[in-house]
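Have a look at the structure below before the remarks.
The values are calculated or read from the model by the stated rules, or taken from the named source; none is laboratory data. Note that the structure is predicted; figures quoted are calculated from it, not measured. All Cβ positions, even for glycine, are placed from backbone atoms using ideal geometry, and neighbour counts span all protein chains on display. Just the protein is used for accessible areas: all its heavy atoms, side chains included, with ligands, DNA and RNA removed. Shrake-Rupley method; radii C 1.70, N 1.55, O 1.52, S 1.80 Å.
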Amino acid sequence: MKDKHIQHLYRRIGFGILPTDLEYLSGKSRKEIVEDVFEASNTISTLEVDTSEIKDIFSGMMSEKLDPQTRMKIQKISRQKQIELNAAWIERLSSSKEILREKMTLFWANHFVCEDNFVNYIQQFNNTLRKYALGDFKTFVNAISKEAAMTKYLNTKQNRKKTPNENFARELMELFTLGEGHYTESDIKESAKAFTGYSHNVRGEFVFRKWAHDYGDKTFFGKTGNFNGEDIIDIILEEQQCAIYICSKLYRYFVNDSINEKHINELAEVFYKDYNIENVMRHMLLADWFYDDENIGNKIKSPIEFLVGIKTMVPTDFKKKKQLIHIQRLLGQTLLDPPNVAGWKGGRNWIDSNTIVLRLKLPSLLLNGAYISKIKEGQEDKQITMKKETFKKKYGKHFSTEPNWTYFSKQFKNIDVAAMEQYILACPISKDAKTYINSLEKVSKQEYCVQLMSLPEYQMC
């Protein structure tokens with residue numbers, strides 16, 4: 001397998017690959033490398049922060065109802081623990097051996113979109129995404145429908161026989177399985193009845209409240225019966241549109257924002273057979289078209305991909321976990337805090353006049369004290385120097401980091417400075433960028449790494 005194809009694979013299923021790892025994989029076949037990726041992701045390592053203090057409160061409760069004082073105490077703990085969970089997730093993404101499972105977890109988090117202010121529920125939800133990320137899609141959807149965070153977020157908890165709530169039923173079809181326009185308003189109303197009674201207890205365990213469930217017949221997609229929520233999901237998955245919709249989202253995320261219908265239909269045919277996520281992903285990663293030049297270096301990195309990509313090349317410790325939250329907010333994507341039930345749009349929506357400036361400066365802020373490098377003697381530009389000083393004053397105070405350059409130097413020990421470009425960037429440098437890079441001093445590999453990460457080309461993967 002060619003080096004550039006291995007690099008492409010690891011930029012899409014992860015956040016890049018270091019020279020030492022690339023050297024180890026060079027010479028292996030595509031099938032061997034892809035199978036190694038899946039084998040490494042067979043393990044499921046839950047992501048958890050210490051919530052024992054909240055669990056202790058629950059264990060001492062005499063009823064399911066929280067008094068105001070206890071509720072405020074739990075909310076205060078939860079706010080701090082969500083910051084810790086966010087930081088733990090970022091760290092996991094940049095260091096896990098289960099690389100594909102973690103990237104898939106990130107993908108599903110923007111598909112089955114959910115948020116909650118109670119850390120126990122959202123941590124449990126996050127680990128459900130991780131558990132089923134490469135598993136059976138039908139089991140996955142059923143598990144999501146019963147998650148405490150989801151029953152709260154889309155009001156399934158308030159969905160009762162006499163007063164049905166249609167929020168979950170609508171999003172189940174519009175966002176989670178079929179896509180807009182492939183169902184009727186009647187289908188929404190009827191399927192909502194099937195999910196009546198779905199709830200949870202204070203510990204986040206699923207509870208089916210029989211007294212709230214509608215046991216009458218429902219007519220859904222032309223079928224009539226005493227359907228429950230699982231029946232509705234079964235009927236939805238009988239529609240090949242479900243396979244097409246999911247494969248379209250997988251294609252946009254892992255291959256190209258521009259849809260190739262031939263490739264989508266190819267994937268959907270595989271997925272529709274058994275709705276096994278691992279099987280369809282394996283087919284994608286082994287396909288020749290996945291490695292076509294038109295699919296390499298053509299996607300704009302999400303803020304998380306951008307940030308974790310930096311940490312992958314140069315492990316960086318944030319001394320204050322709130323700094324990570326601050327960076328994510330500035331870039332436009334905060335883990336565990338989606339903008340709405342549709343999630344982040346992605347693609348060109350990641351970039352605007354503010355975020356591109358921050359993206360170009362962030363590597364120097366995190367790794368080099370807010371400076372990229374000096375202009376070569378005789379090419380000084382006072383205006384550029386002033387802009388750097390202004391930017392440092394505006395953003396520099398928010399960052400206190402410790403980059404591990406020793407680790408970087410070990411990984412790039414046998415790589416010439418002139419060859420670093422192909423390890424850092426996914427696409428060729430433009431003429432203007434090349435002129436700019438050549439105007440800067442290159443006193444070390446780490447200095448050149450920061451320079452390359454500060455180019456527009458580094459925004460692509």
Next item on the list: Taking the options Asn142, Asn127, Asn120, Asn167, name whichever one is out of contact with any His (no Cβ under 9 Å at 6 or more places or on another chain) and surrounded by 21 or more Cβ atoms within 10 Å (Cβ to Cβ).
Entry: Asn120
Margin query: Restricting to region 27-52, name every residue that is at pLDDT 95 or above, in a loop (DSSP other than H, G, I, E, B) and under 22 Å from Leu286 (Cβ atoms).
Written below: Lys28, Ser29, Ser41, Asn42, Thr43
Next item on the list: Would you check if there is a residue in region 285-306 being free of Cβ contacts under 8 Å to residues at least 12 places away in the same chain, in a loop (DSSP other than H, G, I, E, B) and within 19 Å of Leu9 (Cβ to Cβ)?
Entry: yes
Next item on the list: Show the residue pairs that are 6+ apart or on different chains and have beta-carbon atoms under 7 Å apart, the first residue being within region 309-329 and under 21 Å from Leu18 (Cα atoms), the second being of a type in the set (Ser, Thr, Tyr).
Entry: Ile310/Thr316; Lys311/Ser94; Thr312/Ser94; Pro315/Tyr407; Thr316/Thr401; Asp317/Thr401
Check: Got a number for residues in region 186-218 being open to solvent by less than 20 Å² (accessible area, probe 1.4 Å), polar (S, T, N, Q) and part of a helix (DSSP H, G or I)?
Finding: 1
Check: Pick from region 83-93 the residues that are surrounded by 20 or more Cβ atoms within 10 Å (Cβ to Cβ) and either hydroxyl-bearing (Ser, Thr, Tyr) or touching a Phe, Trp or Tyr at 6+ places or on another chain (Cβ under 9 Å) (or both): which of them is farthest from Val37 (Cα to Cα)?
Finding: Ile90
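Rundown of residues vs (1) basic (Lys, Arg); (2) open to solvent by 10 Å² or more (accessible area, probe 1.4 Å); (3) under 28 Å from Ile6 (Cα atoms), yes/no style:
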site: Phe290; (1), (2), (3): no, no, yes
site: Ile296; (1), (2), (3): no, yes, yes
site: Lys299; (1), (2), (3): yes, yes, yes
site: Lys322; (1), (2), (3): yes, yes, no
site: Lys345; (1), (2), (3): yes, yes, yes
site: Asn368; (1), (2), (3): no, yes, no
Note to self: Scan region 26-40 and tell me whether some residue there is within 26 Å of Ala143 (Cα to Cα) and among the charged types (D, E, K, R).
What the structure shows: yes
Notebook entry, point to check: Of the conditions (1) open to solvent by 30 Å² or more (accessible area, probe 1.4 Å); (2) at pLDDT below 95; (3) in a helix (DSSP H, G or I), Pro428 fails just one. Which one is it?
Noted result: (3)
Note to self: Can you say whether Ile310 is β-branched (Val, Ile, Thr) and surrounded by 22 or more Cβ atoms within 10 Å (Cβ to Cβ), as far as the supplied structure shows?
What the structure shows: yes
Notebook entry, point to check: within 25 Å of Asn117 (Cα to Cα) and part of a loop (DSSP other than H, G, I, E, B): does that describe Lys322?
Noted result: no
Item checked: Subset of region 431-449 [at pLDDT below 95 and among the hydrophobic types (A, V, I, L, M, F, W, C)] -> Ala433, Ile437, Leu440, Val443
Next item on the list: Mind counting the residues in region 1-32 that are farther than 29 Å from Thr128 by Cβ and either open to solvent by 60 Å² or more (accessible area, probe 1.4 Å) or in contact with a helix residue (DSSP H, G or I) (Cβ under 7 Å, 6 or more places away or on another chain) (or both)?
Entry: 21
Margin query: Can you list residue pairs whose Cβ atoms sit under 8 Å apart, with the first residue in region 196-213 being free of Cβ contacts under 8 Å to residues at least 60 places away in the same chain and the second being open to solvent by 40 Å² or more (accessible area, probe 1.4 Å) and of a type in the set (S, T, N, Q)? Count only pairs 6 or more apart in sequence or on different chains.
Written below: His213/Asn228
Check: Only one of Asn167, Asn159, Asn155 is farther than 30 Å from Met460 by Cβ and touching a strand residue (DSSP E or B) at 6+ places or on another chain (Cβ under 7 Å); which?
Finding: Asn159
